[in-house]
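The values are calculated or read from the model by the stated rules, or taken from the named source; none is laboratory data. Bear in mind the structure is a predicted one, so any value in this text is a computation, not a measurement. All Cβ positions, glycine included, derive from the backbone under ideal geometry; neighbour counts span all protein chains shown. Keep in mind that these areas ignore ligands, DNA and RNA; they rest on the heavy atoms of the full protein, side chains included. Shrake-Rupley method; radii C 1.70, N 1.55, O 1.52, S 1.80 Å.
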Amino acid sequence: MQDLTSRKLTFKNYLVVASLLFGLFFGAGNLIFPLHLGQLAGSHWGPAAVGFLITGVLLPLLSVLAVAVTRAEGVFDIGRPLGVSFALVFMVLIHATIGPLFGTPRTATVSFTVGLAPFVDKQHQSLVLLLFSALFFAAAFFFSYRENDILANIGKVLNPVFLVLLFLVFVVGFAKPLGNPATAPTTSAYVHGALTNGFLEGYNTMDALAGLAFGVTVVTAVRSMGQHTEKAVSKVVAKAGLLSMGAVAFIYLLLILLGAMSLGRFKVSPDGGVAFNQLVNAYAGAFGQIVLAFLLTVTCLTTAVGLVAAFAQDFHKHFPKVSYHAWLALSCLASFLTANFGLDQIIAWSTPMLMFLYPLSMVLILLSVASPLFNRDGVVYFFVVLFTVVPALGDMVVAFPAVVSQSAFGQSVASLRNTLPLASMGLSWLVPALVGLVLGLLVHWFRRQRVTSTDVQSEVD
């Protein structure tokens, strides 16, 4: 009966929400990382793509579904079964990582480094980055200033421009392929470990983390379309999520293939940004470089808008004494300052946080999706997270730059971590997490049996 208070949406409405989700997820990193993966994997691009799609598409989709299943409105609600304190710390860590510390600044530095830096003399690049990032985050602040305008700004204006430009890249790339992906050379790490390395490469997109944080932005937008009940909002988010992530998966596959084909003319690039520059220049020269610069700036801006808005919405909700607009300004200012440290520094220090937060987020996402099976019992969450967080901390220490990882402390942590199964593959947390899941479900089952027995005894008495 309550669902009658929510307006029935058309397929076009679902496409608009899917376009919002697509724009929030798909940034410059989503262009660069799969392209570079294709170069690294070469003829082994197939299993590498499967691994990448698990962490780059399936997990972000599950994060959106986790928001829908649990009827959550943000990161905080996903961690709530473990208590308010844990949920608050988890929310702050997620938003700090995908927000002002790493993710949001990267949207400006990637678009500058790949799109504009080739046109600027090296001695002037720091100054130009300063000016570019200032304009970039001023635009992000403008687009996200009014919460209800986020849907229109991303879903109806910026996305179509991005998709048209990306479509042109694919048409040219596949009409005149640079090489045969089936015979492309493969780097040593991908000869036998393509699936695992593709899986870990998907961490760099940060989309599983972003999916949790974007929940509040998506829910706000869906409600503005006349969906008032929690059940109606959940249905819209789930259906639109399937549409948007299906499109992302298709684009990833095309980008990975383009990367593998590029090896017919180029060697493996140091990163996907260089690979994109090489491809565009090979086909279109300086004009193509200008198109690339615009393409990257547009897609980065869509992601930045979603990130700063999600940061401001969540922090205003839990720290309401500070207004949404104040949190928004703080996020944009902090992102601007961090961006000027440069892309290399941002990536170097973000990797350890991703090695820690991704396993934690993965288990919370999967537990949230499956939570109806165990009534979202906090004891199951507790054991899984406890057995995940310790090895994940070890993975974080090992991934730090040499100043930490090669210290006496880092070496001792690495030696302990290496005793765990799958540690050499960067998955030292996986087996402990499964052990925690079994223990948590057993405790949940015994507690339920005891409650049932008590109820039966009470009825007999």
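Here are a few things to note about the model shown:
- Packing, taken as the mean count of other beta carbons within 10 Å per residue, orders the peptides 320-326, 233-239 from highest to lowest as 233-239, 320-326.
- Rh by Kirkwood over Cα pairs, then Stokes-Einstein D for segment 374-460 at 0.692 mPa s and 37 °C, µm²/s: 220
- Leading residue at positive end of dipole, the chain (Cβ point charges), from 427, 248, 347: 248
- The alpha carbon centroids of segment 363-438 and segment 13-59 are separated by 24 Å.
- Between the C-alpha center of segment 194-214 and that of segment 79-111 there is a gap of 14 Å.
- Accessible surface ranking for 223, 417, 1.4 angstrom probe, highest first: 223, 417.
- Cα-based helix-to-principal-axis angle, 84-98 vs the chain, degrees rounded to 10: 10
- Paired Rg and Dmax values of the chain, which use every Cα atom, in angstrom: 22.6, 87
- When only Cα pairs below 8 angstrom with a gap of at least 6 residues are kept, segment 180-269 shows a relative contact order of 52 percent.
- A helix-only calculation puts the chain at -24500 deg cm²/dmol for mean residue ellipticity at 222 nm, using -39500 (n - 2.57) for each DSSP H run of at least four residues, averaged over all residues.
- Highest mean packing first, where packing is the average number of other Cβ atoms within 10 Å per residue, the peptides 170-182, 30-42 line up as 30-42, 170-182.
- Taking the average, over residues, of other Cβ atoms within 10 Å as the packing measure, peptides 433-446, 129-142 rank 129-142, 433-446 from highest down.
- Dipole size of the chain about its Cα centre, with +1 on Lys/Arg Cβ and -1 on Asp/Glu Cβ: approximately 580 debye, rounded to the nearest 20.
- About its Cα centre, segment 374-460 has a charge dipole of approximately 60 debye under the convention of +1 per Lys or Arg Cβ and -1 per Asp or Glu Cβ, with nothing else charged.
- Over all other residues within a Cβ to Cβ distance under 12 Å of residue 377, the charged ones net out to +3, with Lys and Arg as +1 and Asp and Glu as -1.
- Each Lys and Arg adds +1 at its Cβ and each Asp and Glu adds -1 at its Cβ; summed about the Cα centre, segment 202-349 shows a dipole of about 360 debye.
- Degrees separating the helix 230-262 axis from the principal Cα axis of the chain, which is the longest one: 40
- Cα-based shape type of segment 33-149, given that a ≥ b ≥ c are square roots of the gyration tensor eigenvalues and the cut on a/c is 1.5: oblate
- Hits among lysines - C-alpha to C-alpha of residue 239 under 24 Å, sequence gap 8 or more where chains match: 8, 12, 156, 231
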